[in-house]
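Working notes, structure below.
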Amino acid sequence: MSGQHDEGHTVAGWVGCAVATAGAAVTGVGLCGWGPGIWLGLGVMALAVLVTWSLHLAGWGKPPGPRSADQWGLRVRDRAAPQGHAGCLGCRLAGRRGVPVRTGAEPEPAPAVIASRTGSPADLSS
């Protein structure tokens, strides 16, 4: 199946969804007559955002866009999370600039050649 991007199959995604669902259920109970439930449920939904964001920053989320098939497992941590993900709002809000995401289809860049600053015979003419 080409074109699969493995969207959202992460610990951060599942935990955030579970906490948000609990918050929505409590808000629903509040709408049915339990007054404090509305505010408590909204607070739990705000907590879901913070939990998901912190798990993403800890490496349990994923960068935007496709990732290679060996990174599709639920228990696979993202090793690029400490530097941040390019194009990721959550990483930018945390102050992480991010590096561009490389897919397996792109060729490796050529290594940069650094000129040596050792003296050459041409430099010794003075």
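A few points about this structure:
- When A80, A86 are checked against the criterion of being closer than 24 Å to C17 by Cβ and either at pLDDT 70 or above or charged (D, E, K, R) (or both), A80 stands alone in meeting it.
- G41 falls short of the stated requirement of being among the small types (G, A, S) and either modelled with pLDDT under 85 or surrounded by fewer than 13 Cβ atoms within 10 Å (Cβ to Cβ) (or both).
The values are calculated or read from the model by the stated rules, or taken from the named source; none is laboratory data. Please read all numbers here as calculations on a predicted model, not as lab measurements. We place every Cβ from the backbone using ideal geometry, glycine too, and count neighbours over all the protein chains shown.
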